[in-house]
Every structure is written in structure tokens, then in C-alpha cells.
Amino acid sequence: MDHYSFFQNRACEFFPCHKGVDASDFNCLFCYCPLYALGKRCGGQFTYTAQGIKDCSNCTFPHRREDYARVLERYKDILAVVQRIDREGL
């Protein structure tokens with residue numbers, strides 16, 4: 001299956017939004033990371049700001065090109081959540 005695992009939005013005013021990751025390797029695809037749907041089971045350490053915005057600055061999956069594969073490895077977990085939502089009509 002073909003998929004994209006790397007994306008950069010250098011026009012973003014926050015790029016790169018995490019310290020410790022080189023800009024050339026920074027993966028903006030994490031902004032669209034589906035793991036937060038798993039809540040505390042996501043494997044990262046995201047929080048929400050007072051405005052309700054997801055803040056992944058403490059994520060245990062640094063937002064590097066190669067680390068998005070770890071997100072894709074959790075696809076079955078994500079799919080189970082989506083199927084439950086569909087089934088329960090949430």
C-alpha cells in the first residue's frame with residue numbers, strides 16, 4: 001500500500017514547532033496525527049491548551065521523518081476506535 005509519511009509546511013508560522021528536531025527532518029504530518037484519538041493509549045504525551053488545541057510538544061514520538069512509521073504501526077488500534085465510533089454513532 002502506498003502512503004505518505006512525510007510532509008513539511010514551511011509556511012506555517014510555528015515551523016518547526018518542536019525544539020530538538022532539525023528543520024530539515026521535521027515532519028509536519030504529526031499535526032494530523034490520528035493517535036490522539038486513542039487518548040492515553042496514543043504512546044505520546046499530548047495535552048490540550050486552555051483553548052482546546054492539542055499540544056504534542058512533550059510527545060514521546062519526536063516529530064522526525066522516520067518516527068511517523070511508529071504512528072502507522074498503530075493503524076489497527078486507530079481503526080478499532082473508528083469502527084467503534086461508527087458502530088455506536090458517536
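Against the list (1) loosely packed, with under 13 Cβ neighbours inside 10 Å; (2) aromatic (F, W, Y); (3) within 27 Å of Q83 (Cβ to Cβ), the condition Y36 fails is (1). For segment 68-90: of the residues being within 18 Å of F46 (Cα to Cα) and basic (K, R), which is modelled with the lowest pLDDT? Within segment 68-90, the match that is modelled with the lowest pLDDT is R70. When segment 48-74 is filtered for residues that are farther than 27 Å from S24 by Cβ and not in a loop (DSSP other than H, G, I, E, B), only Y48 remains.
Taking residues in segment 11-40 that are part of a loop (DSSP other than H, G, I, E, B), and partners anywhere that are among the polar types (S, T, N, Q), the pairs with Cβ atoms closer than 6 Å and at least 6 places apart or on different chains are H18/S57.
The residue of segment 46-65 that is surrounded by the most Cβ atoms within 10 Å (Cβ to Cβ), among those that are in contact with a Phe, Trp or Tyr (Cβ under 9 Å, 6 or more places away or on another chain) and free of Cβ contacts under 8 Å to residues at least 24 places away in the same chain, is F46. A residue that is out of contact with any strand residue (DSSP E or B) (no Cβ under 9 Å at 6 or more places or on another chain), crowded, with 16+ Cβ neighbours inside 10 Å and modelled with pLDDT of 80 or more occurs nowhere in segment 1-22.
Out of all the residues in segment 31-55, which are more than 14 Å from R74 (Cα to Cα) and aromatic (F, W, Y)? Hits for segment 31-55 are Y32, F46, Y48.
The values are calculated or read from the model by the stated rules, or taken from the named source; none is laboratory data. Just so we're clear, the structure is a prediction, and the values are computed from it rather than from any experiment. FYI the Cβ positions are ideal-geometry reconstructions off the backbone, even for glycines, and counts take in every protein chain you see.
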